[in-house]
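Asks: The structure that follows is given in the form of structure tokens.
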Amino acid sequence: MKIVLMGDRDTALGFKLAGVHEVYAFEETALETDRARNKLKELIEREDVGIILITERLADRIGLPEVTFPIILQIPDKFGSLFGEEQIKEIVRRAIGVEIKR
């Protein structure tokens, strides 16, 4: 199964260097938002994609469908999290049952 990232150019570059299988970068324009929405639909339909990482800001712009597979995870971008640290800790705790402590 492949891990795919969707996000801004800087985030995409970082994850590509880290070895993520496929990365897709999108700018903050209406045309790019439509392109990102179409790419997400395409990725969801592919059988070889297991995890889609998407930056919170991009997910906020395009909206996320309710799917059980592949797993879609929202991640912060270079500007930080839209949700804040405490909310991310709570999401992780509910998802995997482990509390993150400093």
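No value in this document is a laboratory result; all are computed from the given coordinates. Everything numeric in this text was worked out from a predicted model, so none of it was measured. Note that we place each Cβ from the backbone using ideal geometry, even for glycine, and neighbour counts take in every protein chain shown.
Asks: Please go through region 28-61 and give me each residue that is in contact with a Ser or Thr (Cβ under 6 Å, 6 or more places away or on another chain) and in a helix (DSSP H, G or I), ordered by number.
Replies: 61
Asks: Taking into account only those residues within region 1-44 that are in contact (Cβ under 8 Å) with a residue 24 or more places away in the chain and of a type in the set (Phe, Trp, Tyr), which is nearest to residue 64 (Cα to Cα)?
Replies: 26
Asks: Within region 7-19, count every residue that is touching a Lys or Arg at 6+ places or on another chain (Cβ under 9 Å) and assigned to a loop (DSSP other than H, G, I, E, B).
Replies: Residues that pass the stated criteria total 1.
Asks: Also: Restricting to region 2-33, and then to whatever is of a type in the set (Ser, Thr, Tyr) and touching a helix residue (DSSP H, G or I) at 6+ places or on another chain (Cβ under 7 Å), can you tell me which residue is farthest from residue 49 (Cα to Cα)?
Replies: Checked region 2-33; the qualifying residue farthest from residue 49 (Cα to Cα) is 33.
Asks: Anything in region 2-40 that is farther than 18 Å from residue 76 by Cβ and surrounded by fewer than 12 Cβ atoms within 10 Å (Cβ to Cβ)? List them, or say none.
Replies: Correct list: 19, 27, 29, 30, 31, 38.
Asks: Among the residues of region 37-59, count how many are over 11 Å from the mean Cα position of the chain (by Cα) and not β-branched (Val, Ile, Thr).
Replies: Summing the residues that are over 11 Å from the mean Cα position of the chain (by Cα) and not β-branched (Val, Ile, Thr) in region 37-59 gives 11.
Asks: Related question: When region 62-71 is examined, which residues are found to be under 12 Å from the mean Cα position of the chain (by Cα) and not in a strand (DSSP E or B)?
Replies: Answer for region 62-71, where residues must be under 12 Å from the mean Cα position of the chain (by Cα) and not in a strand (DSSP E or B): 62, 63, 64, 70.
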